[in-house]
Amino acid sequence: MIPVMPPKLTRRAALAGAAALPFAAAVSPARAEAPMMGVQTAPFNRVALGDFEVTTLLAGSRTVPDPQTIFGLNVTPEEFAEASNAARIPTDQARFFFTPTLVNTGAELILFDTGLAGEATVAVLAAAGYGPEQVDVVVITHMHGDHIGGLMTEGAPTYPNARYVTGAVEFDAWDKTGNETFEAQMRPLAEQTAFIDDGASVAGGITAMAAFGHTPGHMVYMLDSSGKQLLLGADFANHYVWSLAHPDWEVKFDQDKPAAAATRRRLLDMLAAEAVPFVGYHMPWPGLGYVERRGDGFAYVPHSYQLLL
């Protein structure tokens, strides 16, 4: 039997076949187009700090219109637009992020702030590999609703095995105000809460620092492990351009605006001088970056891989 050899593919035949492909595609059954998935980000981001693991949790995000009703209250629309255009961000809307932080010291699992609602933060906590029952300590930096809103879920503590820590000045400032969120979320846990002051130790390598102004007793926390530091900055600066490049710009949610501006300058100066990274609760996700001096203000430098090494 004589074997049948396949036809030899010449260059001319290959070119002719390629030319026919558009026609073939036109007459073949159309495939369904891939669906749009919508804008998405990873729900958590974990880095190493010495012997600690630090995990930022994206507990929420939303677009807010008319950002100059929040930032730059003491400057003209022209100044606000100039600063925004220089940073290539719009002036008619801004993106807000809500970022609790989880610190695993190896001995304790410590959650800093709880987001707007318990269910949302617990879902992200699960994505990061933990259950709410594993949290040993919950630290509240200050008592705005987006920080304490997840303390309780359906009338029960969201983190049932945790002890609680917050600033004494902050608690006293909210006590007896009648604030509904405070009464529903913080008040039921008051007897389980330790009230601390500037310089107190939350756990080995975690120190409270007074950062008053945003609220009367707003606190930030310095992490220190094996010679490496990171500041959990909460809301001392709430936007990576409008707060850092212009620390004297007034912010709607700062209760004592001059004190808040002074705190911003002090902490930004420290972070820039000492090259310490920080987590900002409302910084662009994943909320982690550095600060450098830029003229009379500062610039935000997003974390790349420094804490992944």
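Every number here is computed from the coordinates shown, using simple stated rules; none is lab data. Please read these numbers as outputs of a predicted model, since none were measured by experiment. Positions of Cβ are generated from backbone atoms using ideal geometry, with glycine treated the same way; all protein chains shown enter the neighbour counts.
Quick look at the values:
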{"quantity": "Sum of side-chain charges, Ala190 neighbourhood, beta-carbon under 11 Å (Lys, Arg +1; Asp, Glu -1)", "calculated": "-2"}
{"quantity": "Space enclosed by the convex hull of the alpha-carbon atoms of the range 226-309, per residue, Å³", "calculated": "91 Å³"}
{"quantity": "For the chain, size of Cβ-based charge dipole, Lys and Arg +1, Asp and Glu -1, in debye", "calculated": "1940 debye"}
{"quantity": "Label corresponding to Kirkwood radius over Cα pairs in Å when calculated from the structure given, among [x] 21.6; [y] 19.4; [z] 22.4", "calculated": "[x]"}
{"quantity": "Helix 11-27 vs. the chain, principal-axis angle (Cα, 0 to 90°, nearest 10)", "calculated": "60 degrees"}
{"quantity": "Crossing angle, helix 257-274 versus the chain [Cα axis fit, 0-90 degrees, rounded to tens]", "calculated": "60 degrees"}
{"quantity": "Helical mean residue ellipticity (222 nm; -39500 (n - 2.57) per DSSP H run of 4+; nearest 500) of the chain", "calculated": "-6500 deg cm²/dmol"}
{"quantity": "Cα-based helix-to-principal-axis angle, 77-86 vs the chain, degrees rounded to 10", "calculated": "50 degrees"}
{"quantity": "Selected from Ile89, Tyr130, Thr99, residue furthest toward positive end of dipole (the range 42-308; charges at beta carbon)", "calculated": "Ile89"}
{"quantity": "Relative contact order of the chain, defined on C-alpha pairs under 8 angstrom at six or more residues apart (%)", "calculated": "16 percent"}
{"quantity": "Cα-derived Rg over Rh, computed across the range 95-248 with Rh taken as Kirkwood radius", "calculated": "0.94"}
{"quantity": "Cα gyration tensor shape of the range 139-194, rounded if a/c is under 1.5, else prolate or oblate by comparing a/b with b/c", "calculated": "oblate"}
{"quantity": "DSSP bridge orientation in the chain - percent antiparallel, rounded to nearest 5", "calculated": "75 percent"}
{"quantity": "Local electrostatic count, Ala81, Cβ distance below 14 Å [Lys/Arg +1, Asp/Glu -1]", "calculated": "-4"}
{"quantity": "Summed residue charge, Cβ within 15 Å of Ala117's Cβ, Lys/Arg positive, Asp/Glu negative", "calculated": "-4"}
{"quantity": "Separation of alpha-carbon centers, the range 282-309 and the range 48-124, rounded to whole Å", "calculated": "13 Å"}
{"quantity": "Packing-based ranking, highest mean first, of 178-185, 83-90, 257-264, 281-288 given that Cβ atoms within 10 Å are counted", "calculated": "281-288, 257-264, 178-185, 83-90"}
